[in-house]
1. Test residue 16 against the stated conditions and say whether it is farther than 29 Å from residue 131 by Cβ, out of contact with any helix residue (DSSP H, G or I) (no Cβ under 8 Å at 6 or more places or on another chain) and surrounded by 13 or more Cβ atoms within 10 Å (Cβ to Cβ).
2. Given (1) of a type outside the set (A, V, I, L, M); (2) out of contact with any Lys or Arg (no Cβ under 8 Å at 6 or more places or on another chain); (3) at pLDDT 95 or above, identify the lone condition not met by residue 25.
3. Return the residue satisfying two criteria in turn: it lies in the stretch 64-85 and is closer than 30 Å to residue 127 by Cα and out of contact with any helix residue (DSSP H, G or I) (no Cβ under 9 Å at 6 or more places or on another chain), and of such residues it is most open to solvent (accessible area, probe 1.4 Å).
4. Between a first residue in the stretch 47-65 that is within 24 Å of residue 103 (Cβ to Cβ) and a second residue that is open to solvent by 60 Å² or more (accessible area, probe 1.4 Å) and not β-branched (Val, Ile, Thr), which pairs have beta carbons less than 8 Å apart while being 6 or more apart in sequence or on different chains?
5. Which members of the stretch 95-110 meet the condition of being aliphatic (A, V, I, L, M) and crowded, with 23+ Cβ neighbours inside 10 Å?
6. When the stretch 111-129 is examined, which residues are found to be charged (D, E, K, R) and either at pLDDT below 60 or open to solvent by 70 Å² or more (accessible area, probe 1.4 Å) (or both)?
7. Return the only residue of 61, 88 being surrounded by 15 or more Cβ atoms within 10 Å (Cβ to Cβ), closer than 21 Å to residue 124 by Cβ and out of contact with any Phe, Trp or Tyr (no Cβ under 9 Å at 6 or more places or on another chain).
Amino acid sequence: MGRWITEEPLALEPLLQETDDHGSGALLVFYGTVRNTNEGRPVKSMAYEAHISMAEKVLRELEQEVIEKFNARHCRIIHRIGHLALGEPSVIIVVRSAHRADGYAGSRYAIDELKQRAPIWKEEHYADGDSQYLDGVPLRKSAGKPEQAKE
């Protein structure tokens, strides 16, 4: 199994190979990418920083939680740090499960919990030359039982 935090461009294929499983009827892939606007401001790029050892521990724990709480057969999460251009993936989450409902729920749980628990910070770089670290949320240790998503 590879790393969870990397400065290298993210690649999906190694994650698919790590989780290959003919017992899984569902394969969910979530790509989080750098978008060109945030709250109406034109974004040029994004820089990510992390407390690497703590962030990798959280991502490993999340993978295991997805497997246990959502009856997933496999979960793999990788997050990029460093300077990313528009459209580049910052995070990839792969969930394989026997059925699609478990896969969708596990994938959503993984990204929502990552944002709540992983010590990863992002700084937006704007078209006007300004930059700003985005407000995060207070980190928490454990999510407990998964909550139903509010739509």
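1. Yes; evaluated as a whole, the condition is true for this residue.
2. Unmet for residue 25, out of (1) of a type outside the set (A, V, I, L, M); (2) out of contact with any Lys or Arg (no Cβ under 8 Å at 6 or more places or on another chain); (3) at pLDDT 95 or above: (2).
3. In this case the residue turns out to be 83.
4. Close Cβ pairs (under 8 Å, with a partner that is open to solvent by 60 Å² or more (accessible area, probe 1.4 Å) and not β-branched (Val, Ile, Thr)) amount to 56/3.
5. Matches in the stretch 95-110: 95, 110.
6. Passing the criteria: 112, 115, 128.
7. It is 88.
Table: residues versus (1) at pLDDT 95 or above; (2) in contact with a Ser or Thr (Cβ under 6 Å, 6 or more places away or on another chain).
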position: 70; (1), (2): yes, no
position: 73; (1), (2): yes, yes
position: 79; (1), (2): yes, no
position: 106; (1), (2): yes, no
position: 137; (1), (2): no, no
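The values are calculated or read from the model by the stated rules, or taken from the named source; none is laboratory data. Just so you know, these numbers come straight off a predicted model, no measurement behind them. Positions of Cβ are generated from backbone atoms using ideal geometry, with glycine treated the same way; all protein chains shown enter the neighbour counts. Calculation scope for accessible area: heavy atoms of the full protein, side chains included, ligands and nucleic acids excluded. Shrake-Rupley method; radii C 1.70, N 1.55, O 1.52, S 1.80 Å.
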